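The values are calculated or read from the model by the stated rules, or taken from the named source; none is laboratory data. Predicted model only: the values in this text are computed from it and were never measured. We place every Cβ from the backbone using ideal geometry, glycine too, and count neighbours over all the protein chains shown.
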Amino acid sequence: MKKYSLIITFLFISVFKLQAQTAQDTLDIKRVALAYIEAQHNPDPKLMEGALHPRMVKRSVFKNKATKKDYVSEFFTENMVILAESYNVKGDKFPKNPRKEVKLLDISAKTASVKLIADTWIDYMHIVKVNGEWKIINVLWQYNDVSEHQ
């Protein structure tokens, strides 16, 4: 029985390795996550567009000041490309040496989960491999100081 267990375990590991990411995938996933934030640091809409899947959705929870009710805010690829072009045009939205820490939470053959810690906020990203390219498809973010979600 032990012999069969070892064979099954070996086959499982072999199949898993065939479907796992490569070292290049890991580098590409980090590059895409950094492109997302760096496109905002140095206004670069093309860099942002290259990092995002065309159907990307970015969400966060805010509280309406008048009603005191929470609501979900949504941005899409088009919004983020415009943001990258306009948000930091004067160079005053980020510190001189902005924080940009990428933590790989999970990587599979076609999907990855990433946590980006950037100055005053945290972005949780889902990144998908489509036609050989890694693209951000989902972002859920919040300010480090949740009182800013007002």
Review point. In the range 61-76, what residues are in contact (Cβ under 8 Å) with a residue 24 or more places away in the chain and not hydrophobic (A, V, I, L, M, F, W, C)?
Key: LYS63, LYS65
Practice item. Just give me the residues in the range 119-150 being under 30 Å from THR67 (Cα atoms) and of a type in the set (Gly, Ala, Ser), in sequence order. Key: SER147
Practice item. Output the number of residues of the range 81-118 satisfying the condition of being of a type in the set (D, E, K, R), part of a loop (DSSP other than H, G, I, E, B) and surrounded by 15 or more Cβ atoms within 10 Å (Cβ to Cβ). Key: 1
Practice item. Count, please, the residues in the range 48-77 that happen to be more than 17 Å from GLU38 (Cα to Cα), touching a helix residue (DSSP H, G or I) at 6+ places or on another chain (Cβ under 8 Å) and either among the aliphatic types (A, V, I, L, M) or part of a helix (DSSP H, G or I) (or both). Key: 1
Exercise for review: Of the numbered conditions (1) under 25 Å from LEU27 (Cα atoms); (2) within 17 Å of the chain's Cα centre (by Cα); (3) at pLDDT 95 or above, GLU78 fails exactly one; give the number of that condition.
Suggested key: (1)
**Study point:** Neighbours by Cβ (under 6 Å, 6+ apart or cross-chain): first from the range 21-38, in contact (Cβ under 8 Å) with a residue 40 or more places away in the chain and surrounded by 18 or more Cβ atoms within 10 Å (Cβ to Cβ); second in a helix (DSSP H, G or I) and not basic (Lys, Arg)
**Key:** VAL32/ALA51; TYR36/ALA51
